[in-house]
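As structure tokens, the structure follows; a few thoughts come after it.
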Amino acid sequence: MKKIVLYLFILSLLFNIFQYMNSTKILKTQSKEIENCDAKIKMVRDSSNIVYNQMIDANYFSLEMNDESQNYLENYSITELTEQLRNELLALNDDPKGNRLVPYDAIDGNKFIINKFKIINHRWIIADVYSGNFRGEILIK
């Protein structure tokens, strides 16, 4: 009986040592994973901040960020005004001679039309124009 209790005690002691070593290894692995995840989260946050700052810099010349334009257009909804301007500018592309705001004649039978544009402020618009194989940019006052 004493030998069985001794064997059981030794067996339980070995089992506890195995459990301790296994738990320690799992804890170290999880700690490393947490550190790696924290490093990745920091890197993503830094990248996000960089992209946000670049976006703010890129939108510096925009109707929404320009205080003088905001004051000039304070009686209007800038969102509605922008949408109306977008619709009217793109509607001018339907003219058979091309968009009348583009100061170029048709080349090889292809009329110049406005592809994309950005409203810089209450006075200026920059636009990407194209006519078949020819592309360019114009400023519209």
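The values are calculated or read from the model by the stated rules, or taken from the named source; none is laboratory data. Keep in mind the model is a prediction, meaning the values are calculated, not measured. Counting neighbours? That spans all protein chains shown, and the Cβs are built from the backbone with ideal geometry, glycine included. Each accessible area value is taken on the protein alone, full model and side chains, heavy atoms only, with ligands, DNA and RNA left out. Shrake-Rupley method; radii C 1.70, N 1.55, O 1.52, S 1.80 Å.
Data table
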quantity: Potential extension, ASN87-ASN115 segment - 0.36 nm per residue separation minus Cα distance; calculated: 8.8 nm
quantity: Positive dipole terminus of the chain, leading residue within SER131, SER31, TYR76 (C-beta point charges); calculated: SER31
quantity: Per residue solvent-accessible surface (Å²) - segment 40-110, probe of 1.4 Å; calculated: 84 Å²
quantity: Cα-centre dipole for segment 70-141 with unit charges at Cβ (Lys and Arg positive, Asp and Glu negative), debye to 20; calculated: 180 debye
quantity: Rounded to 10°, Cα long-axis angle of helix 2-58 versus longest principal axis of the chain; calculated: 10 degrees
quantity: At 0.890 mPa s and 25 °C, Stokes D of segment 101-141 from Kirkwood alpha-carbon radius, µm² per second; calculated: 233 µm²/s
quantity: Cα-Cα P(r), the chain, percent of pairs per 5 Å interval; calculated: 2, 8, 10, 10, 8, 8, 7, 6, 5, 4, 4, 4, 4, 3, 3, 3, 3, 3, 3, 2, 1, 0
quantity: Cα gyration tensor of segment 1-63 - equivalent ellipsoid semi-axes, whole Å, descending; calculated: 60, 6, 4
quantity: Chain lengthening between ASP57 and LEU27 when straightened (0.36 nm per residue, less Cα-Cα); calculated: 6.3 nm
quantity: Pairwise label distance in nanometres, SER48 with LYS97, each label 7 Å out on the Cα-Cβ vector; calculated: 5.3 nm
quantity: Dipole in debye (nearest 20) - the chain, about Cα centre, beta carbon charges: Lys, Arg +1; Asp, Glu -1; calculated: 1420 debye
quantity: Overall dimensions of segment 53-118 by Cα: Rg and Dmax, Å; calculated: 15.5, 45
quantity: Near-label residues of segment 13-28 by backbone N, under 15 Å of a point 7 Å along Cα→Cβ of GLU35; calculated: 25-28
